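Undergrad: Here you go, one structure.
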Ligand code: AMP
Ligand code: ZN
């Protein structure tokens, strides 16, 4: 079996990835807070998680992937202060928190589908796991790392840092955080800490919030009616579905100093065992050029904005794949269009591919190059170069027998090459495209030209040209052929 090397934020080194019970890998990645559409920055995080999972599958592992859907308890500040994001947005939109969360969960899953992200084995909603969270909080209290105050149950950060497993390291406010390597004073200096008067220390964070009568979503608990904090949901759900020690945990780098630090503290103080063996983090998508295509300036675009601009969602997938996950990535339309050209270059190969023949021997080198790059801390730009050069070499040699290799690589790249081949072979539109065409035909018959235009844009974004004739008929052909 090949071995992936990956940068482990816990040790800050690139390590060989060795799960506890191969070939199984238990994997938890932090999911969305469903109070608004997830933007393209968020999507980078989910695409990274998907590529990591596909890379492990490429290496022969079986990945059990769990992702949370946060629908309660995530406050407007990661450090517990402010209002619950879901409740605040529900109020602003005049809906119930449940309606709002259901709506944005649907939108989120739809975005993942468009980006060809493999569904997680488990998507778990925070509000479905209140009992598990209450159980975990009880264990933390029993072990002396949490206390009950009138405004809530708090995790005793100072005691944990001072008395945790490595007491010898305790100095001042205790051990530095495992992930951020910061002492408490540094960790929180950048933030204004909302100091509930009954917290023992401003660094303590809420496991369970009490006495907030205006909060709509509330549950009974041994400590009174209230609702859970955000961090505790990830610990409770990760352990419920994956066990007390999981192999792999991921999220964006913004989660290092608070959210993941707190997840580790809660979980390890409850179990006395290591929580996650590898923590991996993706860098941010940045830049403002995207503002040009966003509906309101200052907001990071969402996937629908790209579709409205005629850009294939899979071009965004390829754009992220073409960058290293640990490097900040600047968003630009030019770069996206370049990614789209590469996408259509690979799709175009389906017209000449030889799927029924075994591959020519030269393909093997490119497979090896791809695998080696991928396993080298997910060097996806180098892996992509190997895939593109494989196709270029096939054209150069006029020997087009590389399909088995290309589709093996596409199981990681996720560009739906097989679906395009089926389209070319059957000379009929893929089902999802045909469904859009049917809806557009209906819209035109009903003279709903606004909807028809919107559907045209969607078709263009999926790579299809639309031609409307004078007689009212239309034809649809792939732009990449
Ligand atoms: P949130 O809904 O804020 O909890 O974010 C969901 C995921 O997106 C988390 O893993 C974040 O770390 C990640 N994330 C947020 N903004 C960006 C960004 N600009 N680039 C990459 N990842 C991001
Ligand atoms: Zn989390």
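Bear in mind that the values in this text are calculations on the coordinates, not laboratory data. Computed from a predicted structure; not experimentally measured. Quick reminder, even Gly has a Cβ in these numbers, built from the backbone with ideal geometry, and neighbours come from all protein chains shown.
Undergrad: Dividing the convex hull volume of the alpha carbon atoms of region 23-73 by its residue count, what do you get in Å³ per residue?
TA: 61 Å³
Undergrad: Separate question: Where the centre of each part is set by its Cα atoms, how far does region 1-78 sit from region 232-257, in angstrom?
TA: With region 1-78 and region 232-257 each reduced to a Cα centre, they are spaced 9 Å.
Undergrad: In degrees from 0 to 90, rounded to the nearest 10, what is the angle of the helix 403-413 Cα long axis to the longest principal axis of the chain?
TA: Helix 403-413 sits at roughly 30 degrees to that axis.
Undergrad: How would you rank 267-273, 236-242, highest first, on the average number of other Cβ atoms within 10 Å across their residues?
TA: For the peptides 267-273, 236-242, the packing ranking is 236-242, 267-273.
Undergrad: Separate question: Can you tell me what share of the DSSP beta bridges in the chain is antiparallel? A percent to the nearest 5 is fine.
TA: The answer is about 50 percent antiparallel.
Undergrad: Moving to a separate point now. Can you sort 88, 413, 75 from fewest to most other Cβ atoms within 10 Å of each residue's own Cβ?
TA: Values: 88 16, 413 24, 75 20.
Ranking 88, 413, 75 by Cβ neighbours within 10 Å, fewest first, gives 88, 75, 413.
Undergrad: Also, quick follow-up: Neighbour counts of other C-beta atoms within 10 Å: give me 245, 62 arranged from fewest to most.
TA: Ranked by crowding around the Cβ, least crowded first: 62, 245.
Undergrad: Show me 312-319, 99-106 ranked by packing, highest mean number of other Cβ atoms within 10 Å first.
TA: In decreasing order of mean packing, 312-319, 99-106 become 312-319, 99-106.
Undergrad: How compact and how long is the chain, expressed as Rg and Dmax of its alpha-carbon atoms in Å?
TA: 24.7, 83
Undergrad: In bins 5 Å wide, starting from 0, what share of all Cα pairs of region 431-478 does each bin hold, as a percent?
TA: Histogramming region 431-478 at 5 Å steps yields 5, 23, 37, 26, 8, 1 percent.
Undergrad: Another question, then. What are the extents of the Cα atoms of region 38-125 along their three principal axes, in Å, largest first?
TA: Sorted largest first, the three principal extents are 47, 28, 22 Å.
Undergrad: Ranked from highest to lowest mean number of other Cβ atoms within 10 Å per residue, what is the order of the peptides 392-404, 35-47?
TA: 35-47, 392-404
Undergrad: If you don't mind, another one. Counting helices only, and only those DSSP H runs with n ≥ 4, report the 222 nm mean residue ellipticity of the chain as the sum of -39,500 (n - 2.57) divided by its residues, in deg cm²/dmol to the nearest 500. Please report the intermediate quantities before stating the final value.
TA: On the way: 17 runs with 207 residues, N = 481.
Result for the chain, helices only: -13500 deg cm²/dmol.
Undergrad: Could you give the C-alpha radius of gyration of region 5-282 expressed as a fraction of 2.2 N^0.38 Å, taking N as the number of residues it contains?
TA: It is 0.97.
Undergrad: So for 234, 124, fewest C-beta neighbours within 10 Å to most, what's the order?
TA: Fewest to most other Cβ atoms nearby, the residues stand as 124, 234.
Undergrad: Separate question: Taking the convex hull of the Cα atoms, report for region 306-358 its projected area averaged over all directions, in nm².
TA: It is 5.0 nm².
Undergrad: Take the alpha carbon atoms of region 386-465, find their center, do the same for region 304-337, and report the distance between the two centers in whole angstrom.
TA: That distance is 18 Å.
Undergrad: Over every pair of different alpha-carbon atoms in region 295-427, take the mean of 1/r and invert it; report that Kirkwood radius in Å.
TA: In region 295-427 this quantity evaluates to 15.8 Å.
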